[in-house]
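Contents: one structure, followed by commentary.
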Amino acid sequence: MTGNTVLQRFEITERLGAGGFGTVYRAWDNRLERDVAVKVIETGAGSGERVQREAQAAARLNHPGIVTLFEYDFQKGRAYLVSELVEGSTVRQLIDCDGLSDRDIAEVGADVCEALDHAHSRGVVHRDLKPANLIVERRGGAAKLMDFGIARLTDAEDLTMTGDVLGTPYYMSPEQARGAKIDPRSDLYSVGVLLYQAVTGRVPFDAETFNELVFKIALEAPPPVETLVPGI
């Protein structure tokens, strides 16, 4: 992929990372002469609607705490989502290297809540909020929410049937883990899990199997933060 030009104007220069819904590259926009991020998604059977839904969700959102989508198109069996390129580190990376102070964590929490307030007011639920989907800018230190790959438009037909589970298990609300209908409150639960992990270095619940994890999320209380980090 590196060195190729896609959509007649974006020259792929570097692979940045991959997730469950695609691979992200740094690219050069030959028309506007700027660096961008290009997410490439293989459009297998049944994936076209999900990719289009990601673009529709992102297109509704215009907020400094949310990565901006510039363009969306298909080419040769692949979908391309072109967005602003944010230079920085994900909250996941910062947690792993102990790179967040208590004040930093509070500011990340404020940033993500403001971004979610904007998204929720426009009928968009993220559904996969986790440290890897938050990036802290190298300049200014603001956190930006990215990857609405499994977001649900609350006023559109839900492509996930009740009983299906999408998302990252450790950060799921109890209703999401059960495959039940969710609303914006599910995202707020995930924010709580994310901040708990940022402060303590661990997720509230851990388990060897998905079913065991769902049981703990639904019925147990996590260890209080102050018992894990005295003086917090």
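The values are calculated or read from the model by the stated rules, or taken from the named source; none is laboratory data. What you see is a predicted model, and the numbers here were worked out from it, not measured in a lab. Backbone-built Cβ (ideal geometry, glycine too); neighbour counts: all protein chains shown. The accessibility values were calculated without ligands, DNA or RNA, using every heavy atom of the protein model including side chains. Shrake-Rupley method; radii C 1.70, N 1.55, O 1.52, S 1.80 Å.
Matching residues to (1) in contact with a Leu (Cβ under 9 Å, 6 or more places away or on another chain); (2) open to solvent by less than 20 Å² (accessible area, probe 1.4 Å); (3) acidic (Asp, Glu); (4) modelled with pLDDT of 95 or more:
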{"site": "Val24", "(1), (2), (3), (4)": "yes, no, no, no"}
{"site": "Lys39", "(1), (2), (3), (4)": "yes, no, no, no"}
{"site": "Ser47", "(1), (2), (3), (4)": "no, no, no, no"}
{"site": "Ala57", "(1), (2), (3), (4)": "yes, yes, no, no"}
{"site": "Thr68", "(1), (2), (3), (4)": "yes, no, no, no"}
{"site": "Tyr72", "(1), (2), (3), (4)": "yes, no, no, no"}
{"site": "Val86", "(1), (2), (3), (4)": "no, no, no, no"}
{"site": "Cys97", "(1), (2), (3), (4)": "no, no, no, no"}
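Could we say that Glu137 is under 17 Å from the mean Cα position of the chain (by Cα), open to solvent by 60 Å² or more (accessible area, probe 1.4 Å), modelled with pLDDT of 90 or more and under 21 Å from Phe70 (Cα atoms) here?
no
Wholly within segment 1-115, which strands (runs of 3 or more DSSP E) include no fewer than the required count, namely at least 1 residues that are of a type in the set (Gly, Ala, Ser) and farther than 30 Å from Val193 by Cα?
22-29, 78-84
Of all the residues that make up segment 131-146, how many are part of a strand (DSSP E or B) and not small (Gly, Ala, Ser)?
Qualifying residue count, segment 131-146: 6.
Would you mention how many residues in segment 179-232 are of a type in the set (S, T, N, Q) and open to solvent by less than 50 Å² (accessible area, probe 1.4 Å)?
Final tally of qualifying residues: 4.
Here are the criteria: (1) modelled with pLDDT of 95 or more; (2) open to solvent by 20 Å² or more (accessible area, probe 1.4 Å). Tell me which single one Ala115 does not satisfy.
(2)
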